[in-house]
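Values in this text are rule-based calculations from the coordinates and carry no lab data. On a predicted model such as this, the values are computed, not experimentally measured, just so you know. Cβ: placed from backbone, ideal geometry, glycine included. Neighbour counts: every protein chain shown.
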Amino acid sequence: MMSSLFTYTLRIADSSLILGQRMSEWCSKGPTLEEDIAMSNISLDMFGQANGFYQYAAQLDGLKSADELAFRRNEREFFNHQLVEQENGNFGNTIVRNFLHDTFNFLFYTQLANSKDETLSALAHKSLKEVKYHLRHSSNWLVRLGDGTKESNAKTQVALNELWMYTDEIFEMDTLDTELFNKGIAVDNSALKSDWDAMINNTLAKAKLIRPEDEYMATGGKKGLHTEYLGFILSEMQYLQRAYPNAKW
Amino acid sequence: MNEIKFQERIDAEKKIEPKDWMPDAYRKHLIRQISQHAHSEIIGMQPEGNWITRAPSLRAKMILLAKVQDEAGHGLYLYSACETLGISREELVQQLHDGKAKYSSIFNYPTLSWADMGAVGWLVDGAAIVNQVSLQRTSYGPYSRGMVKICKEESFHQRQGYEIMAEMAKGTLEQKAMAQDALNRFWWPSIMMFGPQDSDSPRTGNAMKWKIKRQTNDDLRQDFINKTVGQAELIGLTIPDPDLKWNAERGHYDFGEMDWDEFWSVVNGNGPCNKQRLAHHKKAHDEGQWVRDAAKAYAKKQELVAN
């Protein structure tokens, strides 16, 4: 039986890992050399965060190492937000996806830093420093793209429309979240929504982009239900660990 | 007159700085060499980038990504050093795309297994370090200072590669086979990284006189081989050269004949990945055009608002 704290920690780690993996796909493909470096940097931060949370989960679990948690679980055992597994697409898709997620992460870690669980609190403090920079990066680019050329505005608006459906589940609270929130350990995700709305609306206005209406909104990440992309991400990422299960690297 | 003073400066081991007078041929030689070096860093991101998403542990992933990111950083310093000679980064990239500028042929070989990340770090970065340590004393100031900074990071890269090789060489039979296979494939291309033999290197004369180069291709190659043989033995891998043996008289390892037909063929665009590497770079550049345009348009609007 997995403990609630273990599962909670794993969820955070999974979102960091999968976004890190997506960002690492940009390496050598950036629109400028400077941006290539920035995206690698963000990816490295995400892997560092994932590693921190996996180490803690491994410690709580006592059975699997951080690497086993990352490289030996299947799609249905991953709990990341569906938003972070979405394809990089063009640079605009990546910026929009990250902007939506960075804004959430900023609010989430700000609250998690107050957790009664000392390790989660420490990891949140450390992550928050990095997430502030990520948010500045994605917000600045969102404004540049939105208020750049007609083409960049159109591309970015399309990306925003397509990714909007993944912005609802990040605020969900299930019984596990509520249980740990009541103990002062977890964050009340649903309470982050109004601040998130305000921050998003503010930057979208600067970027001359239109906030999409809520239509079909995806859900399932917490239950291990994902879009079709996750299976491919994992089969690529886990290939060596799966193909040579007895090897050390 | 200028030329004599210039040579006196060089001979006195004084650095040449961007605003100093320099012969046109010196400037051209440097632009060619530094841009080739910059392009090599950038194209070199691809064969290693090929494995980032498949790196087998969180640690391996972070180290490899950090290493490739360093290479992008090296490319940046080198483009900047090159720009001090009066050419823009856009022009340099255009030359690369037009095939007028070259990059190191080693990056035209594919990376086929995780052990190749070991071989590339150990051998390719190892060979690059031998060359770059020597270039720290090059006569052009910005290039020399760039090399000092780059050398510090490269030695970390080489250790990272050697660590992967060592780990695999003592691993399962499959891992050891992968390690040996990677060494077999990367050995000869690595020692060819030092360029043609001195007798076939037309530009060495001037480069040595101007102290752009401080050691010849053959001397650097010998240095690298001397250093590397023991490292291979230590981890139980065999260098794929039956003629390799210690020559006590020379105080160096003797080694076999390199396949110069292959070398020139890859240099001239006919290697396993030449087309792919250039196409990848062009594609990323083309796909980024709208982003660069947007950033420019936005900056212009901000300027108008500010005025």
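General observations
- Fraction of C-alpha pairs exceeding 17 angstrom in segment B:147-191: 45 percent, rounded to a whole number.
- Projected onto its three principal axes, the C-alpha set of segment A:1-130 covers 46, 31, 21 Å, listed from the longest axis down.
- Sorting the segments B:23-30, B:298-305 by their mean number of nearby beta carbons within 10 angstrom, highest to lowest, gives B:23-30, B:298-305.
- Whole-percent P(r), segment A:166-249, all Cα pairs, 5 Å bins from 0: 3, 11, 13, 14, 14, 14, 13, 10, 4, 3, 1.
- For residues of A:36-43, the mean tally of beta carbons on other chains within 10 Å: 5
- The calculated FRET efficiency for B:K14 paired with B:S201, based on their beta-carbon distance and R0 = 25 Å, is about 0.45.
- Chain A: calculated mean residue ellipticity at 222 nm from DSSP helix runs of at least 4, using -39500 (n - 2.57): -21000 deg cm²/dmol
- Per-residue mean of C-beta atoms belonging to partner chains within 10 Å, peptide B:91-102: 0
- Computed from Cα positions, the angle between helix A:193-206 and the longest principal axis of chain A comes to roughly 30 degrees.
- Taking amide H positions as modeled 1.01 Å from N, with prolines and chain starts lacking one, the residues under 5 Å from A:G148 and 5 or more places away or on another chain are A:N153.
- Using the Cβ-Cβ distance between A:M2 and A:N182 with R0 set to 25 Å, the FRET efficiency from 1/(1 + (r/R0)^6) comes to roughly 0.85.
- Between B:G288, B:G256, B:C273, the Cα set farthest toward the positive side of the dipole of segment B:250-290 (charges on each charged residue's Cβ, about the Cα centre) is that of B:G288.
- Kirkwood estimate for segment B:186-286, i.e. one over the average of 1/r between Cα atoms, Å: 15.9 Å
- Approximate shape of the protein assembly as shown as ellipsoid semi-axes (Cα gyration tensor, √5λ), whole Å, largest first: 46, 31, 19
- Rg/Rh for chain B, where both radii come from Cα atoms and Rh is the Kirkwood radius: 1.00
- Taking max minus min of the alpha-carbon positions on each principal axis, segment B:1-90 gives extents of 61, 28, 16 Å, largest first.
- Inter-label distance, A:T119 to B:D293: 5.1 nm, where each label sits 7 Å from its Cα along the C-beta direction.
- Across q = 0.18 Å⁻¹, segment A:80-198 modelled as identical point scatterers on its alpha-carbon atoms has Debye log10 I(q)/I(0) values of -0.95, in the order of the q list.
- Segment B:64-154, Cα convex hull volume normalised per residue, Å³: 107 Å³
- Across peptide A:140-147, the average count of Cβ atoms from other chains found within 10 Å of a residue's Cβ is 4.
- In terms of packing, defined here as the mean over residues of other Cβ atoms within 10 angstrom, the peptides B:148-158, B:46-56, A:58-68 line up highest first as B:46-56, B:148-158, A:58-68.
- Per residue, the convex hull spanned by the alpha carbons of chain A comes to 123 Å³.
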